[in-house]
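Worksheet: one structure, shown below.
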Amino acid sequence: MDITDADRYKHRQIAFNAVHQSAGHAAKAASFLAGVDGVLHAEAEGPLLLHVRYDLLKTTLQEIEEALLELGLHLDGALMLRLRRALYYYTEQTQRLNWGCTKGEHNCTKKVFAKRYEALEHGCRDQRPEHWRRYL
């Protein structure tokens, strides 16, 4: 299973609540996310919109948004944005599970490469049953 860059690196927009516009949430979020492992790029485009690019093998949109909520930032709660977020959460979780990443595992790169190695025909497999391998 090859993981393409389009599948691995995600580009998302995070919208913040207009009621709390004076706080400059997007700029605060961009400065916070600059040092987070897995976040490749975070840029504020105005006080209410944040563009973020991240590695799906290391982090997800749900983890990023939960961290922003813990910082006290307010995400936009419009119905379409909540539906879009739920769809992103579901698709990212499904992709990570298909790649061999279990929930709560932040960096599953090693598991992905191990699965890939197991799938290759390389002649390094012991064809004997398990009890014979332990016997000898």
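Region 55-99: percent of C-alpha pairs farther apart than 12 Å?
Counting every Cα pair in region 55-99, those more than 12 Å apart make up 64 percent.
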About its Cα centre, what dipole magnitude does region 32-76 give when the only charges are +1 on Lys and Arg Cβ and -1 on Asp and Glu Cβ, stated in debye to the nearest 20? 120
Rounded to two decimals, what is the ratio between the C-alpha radius of gyration of region 1-93 and 2.2 N^0.38 Å? 1.05
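Coordinate-derived values only; no laboratory data. Here the structure is a predicted model, which is why all the values come from computation and not from measurement. Here the Cβ is made from the backbone with ideal geometry for all residues, glycine too, and neighbour counts use every protein chain on show.
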